[in-house]
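Q: One structure is given below, represented as structure tokens, and several questions about it will come after.
The values are calculated or read from the model by the stated rules, or taken from the named source; none is laboratory data. On a predicted model such as this, the values are computed, not experimentally measured, just so you know. Heads up, the Cβs are rebuilt from the backbone with ideal geometry, glycines too, and the neighbour counts pull from every protein chain shown. Keep in mind that these areas ignore ligands, DNA and RNA; they rest on the heavy atoms of the full protein, side chains included. Shrake-Rupley method; radii C 1.70, N 1.55, O 1.52, S 1.80 Å.
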Amino acid sequence: TNVGMDISNWQSAVLGNWVLVGYFLGCVMAIICSVTGFHLKYLFSLGFVLIGLASLFMYFEVQNDGMYERMKWPVIIRATGMMLLYSLTAVHANQRMPYRFMSTWVCVMLTVRMVIGPGIGSALYSNVMQHRQQYYVTRYAHDFDRTQTETAATYDQTVRGMKYQGKSPAEAETMAAMSLKGKIQVQAVITTIKEMSGWTFYACMACAALVLLVP
């Protein structure tokens, strides 16, 4: 348990460092683009495009042989896009509203970013994740029966292995069924993540196009 907690803490620390790298790149990009005279709406659109590219990277990267080390790229790209949106929102407000409202606007931004956004996003993604995962578990389970040669061979092999370990026939069959269910569960999770990444990509592209169309 302690080893698992240490690994989890290490992963969280590494993930935080990658987020900081993305924020730094987004800040540098915002400064450079502002100096060169880019219109704000193009920068807003670029922020949504970067977040969409991070989701597109996740769509192709999430797989059975995926490596945790490669997850730094979508984290960095997404953080860069988020930093662009945050900084540009503040700049846009600074240009359009009286200065006396700036503190109120900062409170609104922080409330949306730290309270409302994470709450709605976590609830939405967790519910969609659970619903679609159960859907794919049910869908894939239809193909895992004894009519499929590979599934039947794997099931029988697991049953024999459990019997060799001293398990009763009922326990061996239960363990074999749980083993097959685990494989189905993994495939269902991967498919669900890919589907949600695809939805996020399309939503980000729609937001980028909308920003470009608005005067």
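Q: Which sequence of 84, 212 reflects their accessible areas, 1.4 Å probe, from the largest down?
A: Working: 84 0, 212 70 Å².
From most exposed to least exposed: 212, 84.
Q: So how much accessible area does residue 45 have, in Å² to the nearest 10, using a 1.4 Å probe?
A: So the heavy atoms of residue 45 present about 10 Å² to solvent.
Q: What order, most packed first, do the peptides 70-82, 128-140, 199-211 have when packing is the mean number of other Cβ atoms within 10 Å of each residue? Show your work: numbers first, answer last.
A: Details: 70-82: 20.2, 128-140: 14.3, 199-211: 16.6.
Those peptides, ordered most packed to least, come out 70-82, 199-211, 128-140.
Q: ³J(HN,Hα) across region 43-53 via Karplus (A = 6.51, B = -1.76, C = 1.60, θ = phi - 60°), whole Hz, x for Gly/Pro?
A: Result, ordered by residue: 6, 4, 4, 4, x, 5, 5, 5, 5, x, 5 Hz.
Q: Using only the Cα atoms of region 48-127, what are the Rg and Dmax in Å?
A: 16.3, 54
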